[in-house]
Amino acid sequence: MQRHYKRWRVIVILLLIGGAVVADHIDSPTFRMNMGEGGLETTLTQRQSQTSACAPCGAPCRPED
Amino acid sequence: MSASAETLQPGASNGASGHSSDERRADGFIVTVAVLGLLLLGALIALETAPFLVTLFAVGAVLGVALYHGAFGFTGGWRAFVVHKRSGGLRAQLALLALASVLFIPVLGTVEPGSAMSGAVAPVGVSLVVGAFLFGFGMQLGGGCGSGTLFTVGAGNIRMVLTLVFFIVGSVIGTMHLPWWLELPGMNPVSLIGGLGVWGALAVQLALCAALAWWVGSIERRHHGRIQQRVFAGPDRGFLSNLFKGQWPLFWAVVVLATGNLAVLLLSGHPWGITFAFGLWGAKFLQAVGVDMSQFEFWTWDYPALALADSVLVNVTSVTNFGLLLGAMLAAGLAGRYNQASSGRIPPRSLLAAVLGGLIMGYGARLAFGCNIGALFSGIASASLHGWIWFAAAWVGSLLGVQARPWFSLSNN
């Protein structure tokens, strides 16, 4: 089978993306909460406490109506 | 032949499609890398976040496989109808909207006010119309819509990587301008479920889908004498071969995409979306290089502000997108076609079209509250008026985009 790509490029690109994801996560309140830090608002705590849905479409969140 | 757009022509010759006589071997390296990627990222999400996000990641992967093996692109389907009067892709999209309406509307009709679940409903106004028009224009230059861009990137299409990068740039600029656009005339979201009830809304939606399918089919019949039976065509090489190596009959893709979107709604509380994450990724990059994003109103709103501060691994749209990328990579590897669409030289004007198309789509998607998935598919499935208006405005933009393609060395054939 003829390949149209270089294997090392695929691996390097995926490692770069994976590294960026991990770096972003380590810098996040969710990670700090997982490490035992308290009193933080995270996406998951916001999800549990929200009383009205806020769709991730970019429209401003509507108050409960 | 452009190296990009043909990957998005549903069912036509493209980087995603297979042929009955073309038995390809799976690309073991790509399949292994994709499976390892799915396992590692899935494990990280499981360790650090919540079980529903792991499931969403898996759903995203299935959606990526369906988009790739079904070669389910909105852009190519619209262009095939405009240029060649072939309506198979468009009728498949209408079947998708009809099935999704059947799945979504009864569920959304039972949701109590104040519930943590809602459909994709958004305001109707100048911002929506202008944004959808721009998106329709840009997707013909970029070579793919929101989902098309993402699954072809996952399948290793180099030109579409360029489209995606500038899609992200356009999305971030769009977030900076969105509050200004929202000051222009418009009205609050309109839900057909709220106005007509569950069964009334469902009847109107199904009637609209059927009428449009009949209309585009009649135009195809007038030009070609008969309608291509593509939507409900069966597998051409045997069930398992088509299932794993592609190409999927369009109806398979329709069923998986509709049920996948319902799964996203039930798991996350919101229907499937793609492009919010593009703006988020761009904003995170700018923030990482020292830009204070809180100076922009959009990034002070509750949902975007917390998404920006928190991990992408807890952002529903990002997690689904990651799954989709790896799912498309897996499917391309199984089909033995990874990166195939990038073979050969890409004309400079085609690259310019990728840049402009990506920028315009990104900007338009933010103004219009999403792309063909978040606004068109999820919006119409949610019986939101903005979804139908998005469809009409994007169609007009797409007509102009099809006219502009030859200037950028992009074939309409």
*Give me the accessible area per residue for segment B:256-329, probe 1.4 Å, as a whole number in Å².*
27 Å²
*Would you mind giving the total buried accessible surface between chains A and B, with a 1.4 Å probe and ligands, DNA and RNA left out, rounded to the nearest 100 Å²?*
3600 Å²
_Ranked order, B:GLU48, B:GLU297 - accessible area, probe 1.4 Å, largest first_ = B:GLU297, B:GLU48
*asked:* Taking the alpha-carbon distance from A:LYS6 and a cut-off under 26 Å, which lysines remain once sequence neighbours fewer than 8 residues away in the same chain are dropped?
replied: B:LYS245
*Determine the relative contact order of segment B:123-223: mean sequence separation of Cα pairs under 8 Å and six or more apart, normalised by residue count, in whole percent.*
38 percent
*Mean separation of Cα pairs under 8 Å and 6+ residues apart, divided by the residue count of chain B: what relative contact order is that in percent?*
39 percent
*Quick one: with all protein chains in place, what share of the accessible area of chain B is carbon or sulfur, to the nearest percent (1.4 Å probe)?*
69 percent
_Probe radius 1.4 Å, ligands and nucleic acids left out: which of B:HIS386, B:HIS177 has the largest accessible area, and how do the rest follow?_
B:HIS177, B:HIS386
*Based on the alpha-carbon gyration tensor of segment B:97-223 and its eigenvalue square roots a ≥ b ≥ c, which shape applies: rounded if a/c is under 1.5, prolate if not and a/b is larger than b/c, or oblate?*
oblate
*Calculated FRET efficiency, B:ASN188 and B:PHE285, Cβ-Cβ r, R0 30 Å, to nearest 0.05?*
0.35
*Hey, with R₀ at 45 Å, roughly what FRET efficiency would B:ARG222 and B:ARG345 work out to, going by the Cβ-Cβ distance, to 0.05?*
0.70
*Taking Cα centroids, how far is segment B:123-152 from segment B:356-405 in Å?*
4 Å
*How many partner chain Cβ atoms sit within 10 Å of a residue's Cβ in peptide B:299-312, on average, as a whole number?*
6
*In square angstrom, what is the accessible area per residue of segment B:121-191 with a 1.4 angstrom probe?*
30 Å²
*Return the average number of partner chain Cβ atoms within 10 angstrom of each residue Cβ along peptide A:36-47.*
4
*Within chain B, what is the longest stretch that has no trypsin sites (Lys or Arg not before Pro) placed in a DSSP loop and near at most 13 other beta-carbon atoms within 10 Å?*
B:26-225
_Number of partner chain Cβ atoms within 10 Å, mean per residue of A:24-32_ = 6
*Solvent exposure ordering (accessible area, 1.4 Å, most first) of B:LEU313, B:LEU262*: B:LEU262, B:LEU313
*Binned Cα-Cα distances of the protein assembly as shown, short to long, each 20 Å bin given as a whole percent*: 26, 61, 13, 0
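The values are calculated or read from the model by the stated rules, or taken from the named source; none is laboratory data. This is a predicted model, so every value here is computed, not measured. Ideal geometry is used to build each Cβ from the backbone, glycine not excepted, and the neighbour counts take in all protein chains shown. Side chains included, ligands, DNA and RNA excluded: accessible areas come from the protein's heavy atoms. Shrake-Rupley method; radii C 1.70, N 1.55, O 1.52, S 1.80 Å.
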